[in-house]
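The values are calculated or read from the model by the stated rules, or taken from the named source; none is laboratory data. This one's a predicted model, so the numbers in the text were calculated from it and none came from an experiment. So basically every Cβ, Gly included, is an ideal-geometry build from the backbone, and we count neighbours across all protein chains shown.
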Amino acid sequence: MYGLFVVLVAVVATAATQSCHFGSHCPSSATCCRNSLGEALVDSPGFGHFGGISLTDRSGQCTSQLSREHQICDSHCHCEPGYECYTPMSGVCCPPARCYNATWVQQQKDYWQKCMADPHCALPP
Ligand SMILES: *[C@@H]1O[C@H](CO)[C@@H](O)[C@H](O)[C@H]1NC(C)=O
């Protein structure tokens, strides 16, 4: 029993202190890499700016902390329950995926699916 406790503490401590630059460097117990500001360091090489947020601090720690509403997310950094990781439809190149209200995301997906099938539907600027 004591031995199991020690192993668990060791695993948690290791996960909590593992440094990273991308979520893909993190273990399955703490898949998200976040910098000191709590910003998710998503796997998008070549982009220093994310929707106005400048990620100057590109080194972080692996964590299992979830992204809150409007925070950046990806396949490693998941959203809190009720929110979905979604990239808004936009004419501007490559906005990052963020956590949005899951109900709203479903509405957006339905809307754009219909829009794509309709030749008169205007795409965003
Ligand atoms: C998402 O939006 C719906 C409808 O506006 C609302 O009922 C629901 O509480 C929202 N969910 C969260 C997690 O805020």
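Brief remarks on what is shown
- Among residues that are small (Gly, Ala, Ser), closer than 26 Å to CYS26 by Cα, more than 10 Å from the ligand (Cβ to nearest atom) and without any contact (Cβ under 8 Å) to a residue 60 or more places away in the chain, SER59 is included.
- Verdict on GLN71 being away from the ligand (no atom under 16 Å from the Cβ) and either surrounded by 12 or more Cβ atoms within 10 Å (Cβ to Cβ) or at pLDDT below 90 (or both): no
- Those residues of region 74-96 which are under 24 Å from SER28 (Cβ atoms) and touching a residue at least 40 places away in the same chain (Cβ under 8 Å), in sequence order: ASP74, SER75, HIS76, CYS77, HIS78, PRO96
- Pairs with Cβ under 7 Å, 6+ apart, first in region 101-116 and at positive phi, second within 14 Å of the ligand (Cβ to nearest atom): none
- GLU80 vs. criteria surrounded by fewer than 17 Cβ atoms within 10 Å (Cβ to Cβ), within 14 Å of the ligand (Cβ to nearest atom) and under 18 Å from the mean Cα position of the chain (by Cα): yes
- Qualifying positions in region 85-97 - more than 14 Å from the ligand (Cβ to nearest atom) and of a type outside the set (A, V, I, L, M, F, W, C): THR87, PRO88, SER90, GLY91, PRO95, PRO96
- Looking only at residues in region 1-35 that are among the polar types (S, T, N, Q) and at pLDDT below 90, the one that is surrounded by the most Cβ atoms within 10 Å (Cβ to Cβ) is GLN18.
- Subset of region 69-98 (residues that are in contact with a Leu (Cβ under 7 Å, 6 or more places away or on another chain) and outside any loop (DSSP other than H, G, I, E, B)): CYS79
- Restricting region 93-107 to residues that are modelled with pLDDT of 90 or more and either surrounded by fewer than 17 Cβ atoms within 10 Å (Cβ to Cβ) or of a type in the set (A, V, I, L, M) (or both), the residue that is farthest from GLY82 (Cα to Cα): ALA97
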